[in-house]
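Novice: The structure's right below; bear with me while I get my questions together.
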Number of protein chains: 2
Amino acid sequence: MIAISQKHWTGDVAELLRVGDGFVLNDVDPKGTPGYERSKTHAAEDLASGAKQLDEYQERLFAQSRVDATNASVLLVLQAMDSAGKGGIVRHVVGSVDPQGVAITAFKKPTEEELAHDFLWRVDRRVPQPGIIGVFDRSHYEDVLIGRVRELAPADEIERRYGAINEFEKRVTDAGTRIVKVMLYISPDEQKERLMERLERPDKHWKYNPGDVDERELWPKYMAAYQTVFERTSTDHAPWFVVPANRKWYARIAVQHLILEALEEIDPQWPAATYDVEAEKQRLAAT
Amino acid sequence: MIAISQKHWTGDVAELLRVGDGFVLNDVDPKGTPGYERSKTHAAEDLASGAKQLDEYQERLFAQSRVDATNASVLLVLQAMDSAGKGGIVRHVVGSVDPQGVAITAFKKPTEEELAHDFLWRVDRRVPQPGIIGVFDRSHYEDVLIGRVRELAPADEIERRYGAINEFEKRVTDAGTRIVKVMLYISPDEQKERLMERLERPDKHWKYNPGDVDERELWPKYMAAYQTVFERTSTDHAPWFVVPANRKWYARIAVQHLILEALEEIDPQWPAATYDVEAEKQRLAAT
C-alpha cells in the first residue's frame, strides 16, 4: 500500500474527504487541510515525491493494457465553481505523468448534436480506455448543476438524471474503470480574489469570462445543487470527495493521493512477456 | 527570437538538421550532435530552460485560441525505427507543457474501417485544432515506409501517395498549422543495444515485440524508403529534419528547439480582453 504509506499524511485522507451519510457541504472549511499538518513548502516536496509514485503506477497500468492484460483504467471527474483550480490539478498532478497515458476531456456547453442525444451520450464516448488515466474537466454533473440552477431542463428530467448517472457509473465501474469524483471547494471570498487577479493581469484576461460573475451571483443555488448531487450520487462504487481548495497546494496533494489510492487498488504489475524471451535474445543477437 | 537566442547552440540547428537538396541519409552520423558542443549534463539543464520557454509559448498559443484570436497550431510528426526514442520525445519534450494544450495520436496498424478509406482519412481527423500542439507518433508516412518495404499497396498507389501527402500538408499548413517533421535517426548497433535491454529487463518486456526484429532485418530497405520520403516530401511548407538520436539527450534538446522555432514563427501574444475590463472589475467588486 504505497499511497497509504505516504508519510506526510496524519490521517486517512480519502476517509476524511469522502462524502458519506449525513454529509453537509456547508460544514466543510474551504481553508482546511484535512490529514495534512505540514507547510506549503513541504507540500511541494510531497507533491514531487507523489509524482514519482504516480509515474510508476501509470506506466505499469499502461504496460498491462498494451498486452491486453487489463481492462482497468482510472477516471478523475473534476467539478468546481470557476477558478477553484481544476486547471491546476490537470497541470500539476495529472501533468506529471507520461502524456501518452492520459486523456483529458474538457466538457463545454453542449453542441446541437450533443443536445440531440441523451445527456450521457457525449460522456460515455470519453470514458478512458484500458490503461489510461482519464480526466473530465467538468462532466455529466453539469447537467444536474447548471442544468438545475439555470433550469436548462424540466424538473422531472433533472430528477431522472441522478438515477441515470448512478447506473451509468455502475456500468463503467463494472467494466474496469475506477471513478474518482472530486469537487474542489473554495469560498466565495477566495473566488473573488482569484477572479479579480484575472482582471488585473493582462496575461490572465483570457481566463476571465463575464459569465463567471453571473454564475457567482448564484453561489447559494449552486451549493444547494452540489449538496443534492452529493446526497444522490455519492455511491459505494463511485463516491464523491470534497477537497478544500482555498489552498491550492493542499488540493493538489490531496487529489494526487486519491488517484494514487485508485491505482493502488488496481495494483498494476509489469506484464509477463507474451513471447519467449530467451529465444528472442538469440534472434536479436544473430542480427 | 527567443529560441534562436538559446545560448547553448553554436549553430543554426534547424538549418543543420533540415533536409535540403542533395541530402543523403547515409551521410548523417547518428552519434552526432550538430550545433551543440556541451555535455550530457548541460543538456539536461538546457532542456529544462527550454521547457520554460515552451511552457509560455504554449500557454499563449492556447490563450489566443480560446478567444478565437488564432487559427494557428503546431504539429510534430515523429518517425523512426523502433526504439529510436519517439516515446522519450513525447514524454520529456512535449510532456513538459500543460497537457490541456497537447493532443497526441499514436497511429497503429490501420483498422478495417480505416483501410476502407484513403490513407489520409484517419490522419486528417487528427490534425490539431487551433491553439493545440499536436503530436503524431508515427503518421501517414508509414504508408510510404512500411507500405513500400512490405509492399502493402501496389507500386503505383505508393507512388501516388507522395504527391497526395504534399498536397495534404500544404492544405493543413495554409489553414494555420506549422508542421515539424522529424525523423529520429539511430544506428543499427544502437537499436540492437536498446532492444536487448528491453529483453533483459522484466519492466521493459512489454515494450518489445518480436516483430521489431523482423523489421530490423529490413533496415537497408527502410533506410532507402526514408531516403525517398525525404527526396519527395521535404517541402518548403513542411520540411523534414533528420535528428541524430543515438544520444537521447541531444535528440530531445534538438526537437525541443524545432518546436520552439515553430512557435516563435507563430509568435503568439496574450490576447486582448473581449470585454470591458474596468466595468467587470466594478461588477465583481459589487458581489
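Novice: Go through B:G163, B:I104, B:M196 and say which Cα lies farthest out towards the positive end of the charge dipole of region B:13-285; charges sit on Cβ, +1 for Lys and Arg, -1 for Asp and Glu.
Specialist: B:M196
Novice: Nearest 5 is fine: what % of DSSP beta bridges in chain A come out antiparallel, could you say? Write down the numbers at each step before the final one.
Specialist: On the way: 2 of 25 bridges.
Antiparallel bridges: around 10 percent, rounded to the nearest 5.
Novice: Could you pull out every residue, at least 5 positions away or on a different chain, whose amide H is within less than 5 Å of the one on A:K181? Hs are placed 1.01 Å off N in the peptide plane, and Pro or chain starts have none.
Specialist: A:V77, A:F241
Novice: So the label point goes 7 Å from the Cα of A:N166 along Cα→C-beta, right? Which residues of region A:223-245 then have their backbone N under 19 Å from it?
Specialist: From region A:223-245, the list is A:225-242.
Novice: Hey, what angle do you get for helix A:188-200 against the long axis of chain A, alpha-carbon based, 0 to 90 degrees rounded to 10?
Specialist: Relative to chain A, helix A:188-200 is tipped by roughly 80 degrees.
Novice: Still on this structure: Note down the accessible area of B:D276, probe 1.4 Å, to the nearest 10 Å².
Specialist: Looks like 90 Å² after rounding.
Novice: Take the Cα radius of gyration of region B:1-115 and divide it by 2.2 N^0.38 Å, with N its residue count; two decimals is plenty.
Specialist: On the way: Rg = 17.1 Å, N = 115, 2.2 N^0.38 = 13.4 Å.
For region B:1-115, the normalised Cα radius of gyration comes out at 1.28.
Novice: Among the listed pairs A:K109/A:K192; A:K31/B:K281; A:K192/B:K52; A:K52/B:K108; A:K281/B:K86; A:K31/A:K248, which are separated by more than 18 Å between their Cα atoms? Before the final figure, lay out the partial values.
Specialist: Numbers: A:K109/A:K192 23 Å; A:K31/B:K281 25 Å; A:K192/B:K52 29 Å; A:K52/B:K108 29 Å; A:K281/B:K86 23 Å; A:K31/A:K248 10 Å.
Pairs exceeding the cut-off: A:K109/A:K192; A:K31/B:K281; A:K192/B:K52; A:K52/B:K108; A:K281/B:K86.
Novice: Let me ask another. Taking the Cα centre as origin and putting +1 on Lys and Arg beta-carbons and -1 on Asp and Glu beta-carbons, what dipole magnitude results for region A:13-285, to the nearest 20 debye?
Specialist: On the way: 37 positive and 47 negative charges, 138 e Å.
It comes to approximately 660 debye.
Novice: Right, another one. Could you check which residue among B:G163, B:G22, B:G176 shows the biggest mean-square fluctuation in a GNM of chain B with a 10 Å Cα cutoff?
Specialist: Of the options given, B:G22 has the highest mean-square fluctuation.
Novice: While we're here: Of all accessible surface on the protein assembly as shown at a 1.4 Å probe, what whole percent is carbon and sulfur?
Specialist: Working: 12280 of 26100 Å².
Carbon with sulfur: 47 percent of the solvent-accessible area.
Novice: Please list the radius of gyration and Dmax for region A:57-191, considering alpha-carbon atoms only, with Å as the unit.
Specialist: Rg then Dmax for region A:57-191, in Å: 15.9, 50.
Novice: Toward the positive end of the charge dipole of the protein assembly as shown, about the Cα centre and with charges on Cβ (Lys, Arg +1; Asp, Glu -1), which of A:P30, B:V242, B:L145 goes farthest?
Specialist: Most positive-ward Cα: A:P30.
Novice: A follow-up question, please. For chain B, with equal point scatterers placed on the C-alpha atoms only and solvent neglected, what are the log10 I(q)/I(0) values from the Debye formula at q = 0.11, 0.14, 0.17 1/Å, to two decimals?
Specialist: -0.67, -1.06, -1.53
Novice: Got a sec? Which residues of region B:270-287 lose 40 Å² or more of accessible surface with every protein chain in place, vs. that chain alone, 1.4 Å probe?
Specialist: Buried by the other chains: B:W270, B:Y275, B:E280, B:K281, B:R283, B:L284, B:T287.
Novice: Here is a follow-up. How far apart are the A:E112 label points across copies, placing each 7 Å from Cα toward Cβ, in nm, shortest first?
Specialist: Copy-to-copy label distances at A:E112, shortest first: 3.4 nm.
Novice: Per residue, how much accessible area does region B:1-154 have with a 1.4 Å probe, in Å²? If you can, show how the numbers build up before the last one.
Specialist: Working: 7420 Å² over 154 residues.
Accessible area per residue: 48 Å².
Novice: Between 0 and 90 degrees, rounded to the nearest ten: what's the tilt of helix B:248-266 against the longest Cα principal axis of chain B?
Specialist: 50 degrees
Novice: While we're here: Using a Förster distance of 35 angstrom, determine the FRET efficiency expected from the C-beta separation of A:K109 and B:S49, and round it to 0.05. Write down the numbers at each step before the final one.
Specialist: On the way: r = 39 Å, r/R0 = 1.12.
It comes to 0.35.
Novice: Something else about it: Any number yet on Rg/Rh for region A:131-210, C-alpha, Kirkwood?
Specialist: Values: Rg = 17.1 Å, Rh = 15.7 Å.
Here the Rg-to-Rh quotient is 1.09.
Novice: Another question about this same structure. Report Rg (one decimal) and Dmax (nearest whole number) for region A:139-287, counting Cα atoms only, units Å.
Specialist: 22.4, 72
Novice: Once you keep just the Cα pairs under 8 angstrom separated by 6 or more residues, what percentage relative contact order results for region B:145-287? Don't jump to the answer; show the numbers that get you there.
Specialist: Numbers: 90 pairs, mean separation 48.7, N = 143.
Rounded, it is 34 percent for region B:145-287.
Novice: Any chance you could run the full-extension gain for A:M196 through A:V24? It's 0.36 nm times the residue separation minus the Cα-Cα distance, nm to one decimal. Let's see the in-between values first.
Specialist: Working: separation 172, 0.36 × 172 = 61.92 nm, distance 2.88 nm.
The A:M196-A:V24 span can extend by a further 59.0 nm.
Novice: Express the Stokes-Einstein translational diffusion coefficient of the protein assembly as shown in µm² s⁻¹, to the nearest whole number, given a Kirkwood radius over alpha-carbon pairs, 25 °C and a viscosity of 0.890 mPa s. Intermediate values should be presented prior to the final figure.
Specialist: On the way: Rh = 25.8 Å.
Using the Kirkwood radius from Cα pairs, D works out to 95 µm²/s.
Novice: Then there is this: Considering only chain B, pick the residue with its Cβ nearest the axis of the rotation onto chain A, and state the distance in whole Å.
Specialist: Closest to the rotation axis on chain B: B:P99, 3.
Novice: Right, here's the next one. Note the buried accessible area between A and B here, summed over both chains, with a 1.4 Å probe, in Å² to the nearest 100. Please list the in-between numbers first.
Specialist: Values: alone 15100 and 15110 Å², together 26100 Å².
It comes to approximately 4100 Å² buried between A and B.
Novice: Separate question: Enter the accessible area of B:R194 (Å², nearest 10), with the probe set to 1.4 Å and all protein chains included.
Specialist: Here the accessible area works out near 20 Å².
Novice: What number, in percent, do you get for the relative contact order of chain B if the mean sequence gap of Cα pairs under 8 Å and at least 6 apart is divided by its residue count? Intermediate values should be presented prior to the final figure.
Specialist: Details: 407 pairs, mean separation 94.5, N = 287.
That works out to 33 percent.
Novice: Next up: Pull up all non-local amide H partners of B:S73: gap of 5 or more, or a different chain, and H-to-H distance under 5 Å with H placed in the peptide plane.
Specialist: For B:S73, whose amide H was placed from the backbone, the distant partners under 5 Å are B:G131, B:T177, B:R178.
Novice: Using a 10 Å cut-off on Cβ to Cβ distances, tally the other chain neighbours for every residue of A:91-104 and report the average as a whole number. Each step should come with its number before you reach the end.
Specialist: Values: counts 7, 1, 0, 2, 7, 2, 3, 7, 11, 10, 2, 4, 3, 6.
Neighbouring Cβ atoms belonging to other protein chains average 5 per residue here.
Novice: Report the antiparallel proportion of the DSSP beta bridges in the protein assembly as shown as a percent, rounded to a multiple of 5. Provide the component values of the computation, followed by the final result.
Specialist: Details: 4 of 50 bridges.
Percentage antiparallel, nearest 5: 10.
Novice: A further question on this structure: Under the Karplus relation 6.51 cos²θ - 1.76 cosθ + 1.60, θ = phi - 60°, what is the ordered set of whole-Hz ³J(HN,Hα) values for region A:165-171, x standing for Gly and Pro?
Specialist: Once rounded to whole Hz, the list reads 5, 4, 5, 4, 5, 5, 4.
Novice: To one decimal in nm, how far is B:R232 from the same spot in the other copies, if labels go 7 Å from Cα toward Cβ? Please give the shortest first.
Specialist: For B:R232, the other copies' label points sit at 5.9 nm, shortest first.
The values are calculated or read from the model by the stated rules, or taken from the named source; none is laboratory data. Predicted model, so just to flag it, every value in this text is computed and none were measured. Virtual Cβ from ideal backbone geometry, glycine too; neighbours counted across all protein chains shown. Ligands, DNA and RNA are stripped out before the accessible areas are found, and what is left, the full protein with its side chains, is counted by its heavy atoms. Shrake-Rupley method; radii C 1.70, N 1.55, O 1.52, S 1.80 Å.
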